[in-house]
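Note sheet for the following structure.
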Amino acid sequence: MFIETRIQISNRNLEKMSEEKLAANEGIKIRSNYLRGTIAEGMADLSTGSLSDDDQQLIKFHGSYQQDDRDLRADRRKHKLEKAYSFMIRIRVPGGVATPQQWIETDRMADQFANGTIKLTTRQAFQFHGIIKTNLKRTIKEINEAAMDTIAACGDVNRNVMCNPNPYLSSVHDEVLKAARDISTHLTPATRAYHEIWLDGEKIETSEEEQEPIYGKTYLPRKFKITIAVPPSNDVDIFANCLSFIAIVEDGKLVGYNVAVGGGMGSTHGDEKTYPRIADVIGFCTPEQVVDVSEKVVMVQRDFGCRTDRKHARFKYTVDDYGPDWILAKLNEYLGYDLGPVRDYEFADNGDRFGWVEDEKGNYHYTLFVEGGRVLDTPGYPMREGLREIAKIHDGDFRLTANQNLIIANISSKKRAEVEALLEKYGMAKSHERSAMRLSSIACVALPTCGLALAEAERYLPEVITDVEEELEKVGLRHDAITIRMTGCPNGCGRPFISEIGFVGRGPNRYNLYLGGGHAGQRLSKLYRQDLDAADIRSTLAPIIGRYAKEREEGEHFGDFVIRAGFVEATVQGGDFHKNIKAEALSN
Ligand code: SRM
Ligand code: SF4
């Protein structure tokens, strides 16, 4: 009854908005018959490697993007060939935990159907790239056979739910992981379209039989992201998410969660109406309420999010349009009870803990550095092969981190020596003996697969760091963890606007440099210089790093220093992101 009432409200909200022009994607969703569209027919059309425009939008809800190899575009055009179309598949991994068998299957499919690599994403998911249309269905089917799925990995719905991946606080971690999985399951779209199209599920006769109790037939105005962190580690970057839960642990016991709303990164160069935003912490809920709170926050966004302008449709803008107090009041109304007052918490950082950790149960965890999250074999470093061999003997699990790294987790004491020997054999044992800056880096996919990339990121950040490392060595900062992130465009997939040093692509070999993000991901950064190329990047950063080494106060982080030293002003909230930028920043 309650759900029906809410969907009526949602529909009324849509009717109200139909006076204005709804965003084109709203029409696609309405016409799609619960996300079916003509995907099945498009898949059967072998005359092209692509899908229709509408189906390209709809297939995102099923966890896949149509892409083309941008390295090959010019050559294909020259030879009057269709673009080199292929599909990216994102596999949901709630909480980032996968079994050894799932790793083995993922590894196999990477070779059999994709480009021989596995991308560990910034939201604890797996991605395959380069899957041709004729292999798409089989790949999704085999992913499901491996007890994983791709539904809602993309699209205007709740995405992969993240949680702190590090089981070093194991008792609390188990509860937090369970919460992440429960939220994920509860918010998974109910449509049977996914099963029909990809898993040969039985077709339903009429659309009346279909139900989408939480989302309704137009789903959400835009993508929605949820995460759970366990302080002092903010390794899932809660402030960049639509909805976050901060675990409150008292006397070793989980007593509940602070609730944070309205974070997000995406923006567009030159459009000041778009900006990254830090989530506001608005209340507290008990562990038993966490799924209900997630559902009702999603419903508030469903009913009040903007459906006319996709650039304004993320929940962060709903929170800004109505104000956090209004959102809290509306949420309490939807819940039928009030959230409690915010409890104290403190985050120390947003990085991973590399190397070996033993937990209170006597299990071992090894965090492996995976540059740019790309698991692959190179002649000097057969990492993928090594991980495959470890998966074959591993008695624990694998955990994907939101920093694109991998934890070989829950290794029993009897297996540790065997795992250690394999890490040694495949050159992974010293993966963490790199500069602390490199270990604190994130790069989004960008070129050649991302259709929105303006510049390189994953293929270029390692080189940039090599240059900067020379400067760090000179001034003795090799072991200082300064967060550095690069994205190929301002959509912010590597969360560059909350890192201490952020590079954001503006065009081929041109990057904006942002400084002053919080070391724990708690503060946005500010534009420091525009349109830097490779040479500029090093010469711009070197003097700042030099001054930081000489002038920093005890325990002062780089992001705080650049503000105190006057390189940039602090950005307090999203609305200030484009304000108080120094004239030199724009002079290039
Ligand atoms: Fe992202 C779009 C890759 C995390 C903000 N993102 C894309 C697409 C699908 C490009 C597209 O729309 O055609 C990229 C596919 C590239 C490729 O070839 O694989 C893409 N995003 C990624 C991943 C793989 C980056 C990575 O290197 O790890 C991450 C996958 C996460 C996952 O497993 O679900 C990824 N994207 C993020 C994050 C970080 C996060 O969620 O913590 C953000 C910023 C947070 C946020 O959502 O505000 C992010 N992606 C975007 C946006 C900007 C949304 C906006 O508010 O404007 C877009 C563009 C869009 O949605 O229109 C985008
Ligand atoms: Fe693509 Fe931009 Fe996201 Fe990088 S930040 S993956 S370039 S959309």
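Checking each residue in the stretch 447-496 for being outside any loop (DSSP other than H, G, I, E, B), under 20 Å from Ser267 (Cα atoms) and within 13 Å of ligand 1 (Cβ to nearest atom) picks out Arg485, Met486, Thr487, Pro496. The sole residue among Ile183, Ile214 that is farther than 27 Å from Asn350 by Cβ and in contact with a helix residue (DSSP H, G or I) (Cβ under 9 Å, 6 or more places away or on another chain) is Ile214.
Between Val236, Val176, the distinction of being more than 14 Å from ligand 1 (Cβ to nearest atom), touching a strand residue (DSSP E or B) at 6+ places or on another chain (Cβ under 7 Å), β-branched (Val, Ile, Thr) and in contact (Cβ under 8 Å) with a residue 12 or more places away in the chain belongs to Val176 only. Close Cβ contacts (under 7 Å, 6 or more residues apart or on different chains) running from residues in the stretch 181-195 that are free of Cβ contacts under 8 Å to residues at least 40 places away in the same chain to residues that are buried (at least 18 other Cβ atoms within 10 Å of the Cβ) and part of a loop (DSSP other than H, G, I, E, B) comprise Thr188/Ile151; Thr188/Ala152. Kindly check whether there is at least one residue in the stretch 413-430 that is hydroxyl-bearing (Ser, Thr, Tyr), in a helix (DSSP H, G or I) and in contact with a strand residue (DSSP E or B) (Cβ under 8 Å, 6 or more places away or on another chain). Looking for residues that are hydroxyl-bearing (Ser, Thr, Tyr), in a helix (DSSP H, G or I) and in contact with a strand residue (DSSP E or B) (Cβ under 8 Å, 6 or more places away or on another chain), one finds at least one in the stretch 413-430, hence yes.
One residue stands out in the stretch 240-295 among those that are farther than 19 Å from Ala180 by Cα and away from ligand 1 (no atom under 16 Å from the Cβ): the one that is surrounded by the fewest Cβ atoms within 10 Å (Cβ to Cβ), namely Asp251. Asn115 meets each of the listed conditions (1) in contact (Cβ under 8 Å) with a residue 40 or more places away in the chain; (2) not in a helix (DSSP H, G or I) apart from (1). Of all residues in the stretch 462-496, those satisfying the criterion of being within 11 Å of ligand 2 (Cβ to nearest atom) and either of a type outside the set (S, T, N, Q) or surrounded by fewer than 23 Cβ atoms within 10 Å (Cβ to Cβ) (or both) are Arg485, Met486, Gly488, Cys489, Pro490, Asn491, Gly492, Cys493, Gly494, Arg495, Pro496. For the stretch 501-512, the condition holds for at least one residue, the condition being that it is within 16 Å of ligand 2 (Cβ to nearest atom) and in contact with a Ser or Thr (Cβ under 6 Å, 6 or more places away or on another chain). On the given criteria, is Gln112 out of contact with any Phe, Trp or Tyr (no Cβ under 8 Å at 6 or more places or on another chain) and either among the basic types (Lys, Arg) or away from ligand 2 (no atom under 16 Å from the Cβ) (or both)? Answer is yes for this residue. Give the stretch 362-395 a look and list any residue that's touching a strand residue (DSSP E or B) at 6+ places or on another chain (Cβ under 8 Å) and closer than 11 Å to Trp103 by Cβ, or say none. Across the stretch 362-395, the qualifying residues are Val375, Arg384, Leu387, Ile390, Ala391, His394.
Of the numbered criteria (1) closer than 25 Å to Ser32 by Cβ; (2) within 11 Å of ligand 1 (Cβ to nearest atom); (3) in contact (Cβ under 8 Å) with a residue 40 or more places away in the chain, the one Ile132 fails is (2). Checking each residue of the stretch 506-529 against the condition of being part of a strand (DSSP E or B), among the basic types (Lys, Arg), free of Cβ contacts under 8 Å to residues at least 60 places away in the same chain and buried (at least 24 other Cβ atoms within 10 Å of the Cβ) gives at least one match. Is one or more of the residues making up the stretch 451-458 more than 11 Å from ligand 2 (Cβ to nearest atom) and within 16 Å of Ala534 (Cα to Cα)? The answer is no; no qualifying residue exists. Within the stretch 116-123, none of the residues are outside the structural domain of Val291 (by TED's automatic domain parsing) and within 22 Å of Gly42 (Cβ to Cβ).
Residues that are in contact (Cβ under 8 Å) with a residue 12 or more places away in the chain and surrounded by 15 or more Cβ atoms within 10 Å (Cβ to Cβ), at least 3 per element: which strands (runs of 3 or more DSSP E) completely within the stretch 337-406 meet that? Of the strands (runs of 3 or more DSSP E) lying wholly inside the stretch 337-406, those with at least 3 residues that are in contact (Cβ under 8 Å) with a residue 12 or more places away in the chain and surrounded by 15 or more Cβ atoms within 10 Å (Cβ to Cβ) span 364-368, 397-400.
The values are calculated or read from the model by the stated rules, or taken from the named source; none is laboratory data. Being a predicted model, the structure only gives us computed values, none of them experimental. Every residue, glycine among them, receives a Cβ derived from its backbone with ideal geometry; neighbour counts consider all protein chains shown.
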